[in-house]
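The values are calculated or read from the model by the stated rules, or taken from the named source; none is laboratory data. Computed from a predicted model, the values in this text were never measured in an experiment. Quick reminder, even Gly has a Cβ in these numbers, built from the backbone with ideal geometry, and neighbours come from all protein chains shown.
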Amino acid sequence: MNLSKGISAISTNARVLVWPFILLAILLFLFIFVLKIGIGQIISLREELVTSKAEEVILSQKLNVLNTSQESALPLADLSLIALPSENPALTIISQLKTLSAERGITISNIEASGGAQQETTIINTIEVNLTLNGEIAPTLDFLKTLKTTSPLVTLDEVKVNSEVGLARVEVKIFGQFAPLPTTLPAIASPLNELSAEDKDILAKISTYNLPVFTEVPPSGPYERPDLFNF
Amino acid sequence: MTQINLLPTDLAPRPKIIRASLVVKQILTVGFILFIILAVAVSIFYYLYSRDLKLSQTKVAEIKGNIKSLEVTEQRLLLVKDRLDKAKLVLGMDSTFDEIEAASTLFSSLPEEATLSSAQFEVDKSKMLLTSPNTTTLNGVIASVISSGVYKYVDMTSFSFTPETGFNVEFTLIK
């Protein structure tokens, strides 16, 4: 009798507590679910938003740079490419040497270009131009000075002068440089800065250099073929 | 009004249990309110961030399209930067231009009768053989070399005289 009374009392007490505890467990589960999934999602969205905003800033800046330099890019590209060509500049350098020497009344008795094999590992490739000049010493020195401000860029190496009766025979070793062009564009989202002050200084300097004269050969034809059977 | 409990006392839950149940119910009420607030807040943040992200992504796509249409300009600008970076290296290379300029300055200040018989210009030094027909010109040559202010070190490496040419003085000059 006492045992059945005890069991009944336990079940009455349990009945009072079961539902609140079940609901408490559900509430805890929901809290965990919302905290883990919901807040996790928000954090992930926020990170994506920050990344996207940063990309937006970089791209806007890049677009701005591109818009402002749209007109000047072509002449600058041409100028810089003449100063430092992508391919062996031996012919251009020889042409420049001949033009500049002729302007000063100096004759070139010998001119040789060697080297120039493009190497993939080196940033800048070099060609060697050896020349022998004949003329008066002052114009010859002036000619050599002028090479410093000539496009394509050259560096002057050894110079040997032998002078007799006012006429100098000068042996000159010059190095011409060229470098391959970049082959790939960087990723679209990568930043693009404007030209730095140093870059602009160099461009301003290069723009004053003696440029080679290129002649443009007009295209030939196609012409209309004459009708051979119509006399 | 007096409340009368008609249930037998052994069937009613114990007062401690009832109190505990009430506490749990209160916790549940507060918990559910907090949960609803949290869920609403999470939903609002989720909506706002999603909207902002979508807007930002649309803008990024639009800018990318504009950049794509300016690809030629980008190529040229990159080419200019690439050339300038390399041109800096070339302009910084060792060269004899400074030696030639110094020699040209010196040459312009030499006496008229003095002649440059031979010279060798290297990256860091110059050698010059100057010929003077008489001692007056020789004095002028030496004075010019010393007073030109172009060279830091002037070394007279040889001195000779021949009746045909006169005085031959060889200098090694370092800037």
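Report yes if some residue within the range A:174-183 is in contact (Cβ under 8 Å) with a residue 12 or more places away in the chain, within 19 Å of residue A:105 (Cα to Cα) and facing chain B (nearest Cβ under 9 Å); otherwise report no. The answer is no, given that none of the residues of the range A:174-183 is in contact (Cβ under 8 Å) with a residue 12 or more places away in the chain, within 19 Å of residue A:105 (Cα to Cα) and facing chain B (nearest Cβ under 9 Å). Of all residues in the range B:103-141, those satisfying the criterion of being buried (at least 19 other Cβ atoms within 10 Å of the Cβ) and among the aliphatic types (A, V, I, L, M) are B:103, B:106, B:110, B:114, B:116, B:119, B:128, B:129, B:130, B:138, B:141.
In the range B:88-122, the residue that is nearest to the chain's Cα centre (by Cα) out of those that are part of a loop (DSSP other than H, G, I, E, B), farther than 21 Å from residue A:203 by Cα and within 7 Å of chain A (Cβ to nearest Cβ) is B:96.
From the list A:66, A:49, the lone residue that is at the interface with another protein chain (Cβ under 7 Å from one of its Cβ atoms), over 30 Å from residue B:36 (Cβ atoms) and either modelled with pLDDT of 85 or more or in contact with a His (Cβ under 8 Å, 6 or more places away or on another chain) (or both) is A:66. Scanning the range B:45-87 for residues that are β-branched (Val, Ile, Thr) and within 7 Å of chain A (Cβ to nearest Cβ) returns B:60, B:63, B:67, B:73, B:80.
Among the criteria (1) farther than 22 Å from residue B:123 by Cα; (2) of a type in the set (S, T, N, Q); (3) buried (at least 16 other Cβ atoms within 10 Å of the Cβ), the one residue A:177 does not fulfil is (1).
For (1) more than 34 Å from the chain's Cα centre (by Cα); (2) facing chain B (nearest Cβ under 7 Å); (3) free of Cβ contacts under 8 Å to residues at least 60 places away in the same chain; (4) assigned to a helix (DSSP H, G or I), each residue gets a yes or a no:
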| position | (1), (2), (3), (4) |
| --- | --- |
| A:21 | yes, yes, yes, yes |
| A:24 | yes, yes, yes, yes |
| A:35 | yes, no, yes, yes |
| A:39 | yes, yes, yes, yes |
| A:43 | yes, no, yes, yes |
| A:55 | no, yes, no, yes |
| A:58 | no, no, no, yes |
| A:62 | no, yes, no, yes |
| A:70 | no, yes, yes, no |
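Among the β-branched types (Val, Ile, Thr) and surrounded by fewer than 17 Cβ atoms within 10 Å (Cβ to Cβ), is that true of residue A:140? Taking the combined requirement at face value, the residue does not satisfy it.
When A:150, A:146, A:155 are screened for being within 8 Å of another protein chain (Cβ to nearest Cβ), under 32 Å from the mean Cα position of the chain (by Cα), surrounded by 15 or more Cβ atoms within 10 Å (Cβ to Cβ) and of a type in the set (Val, Ile, Thr), only A:155 passes.
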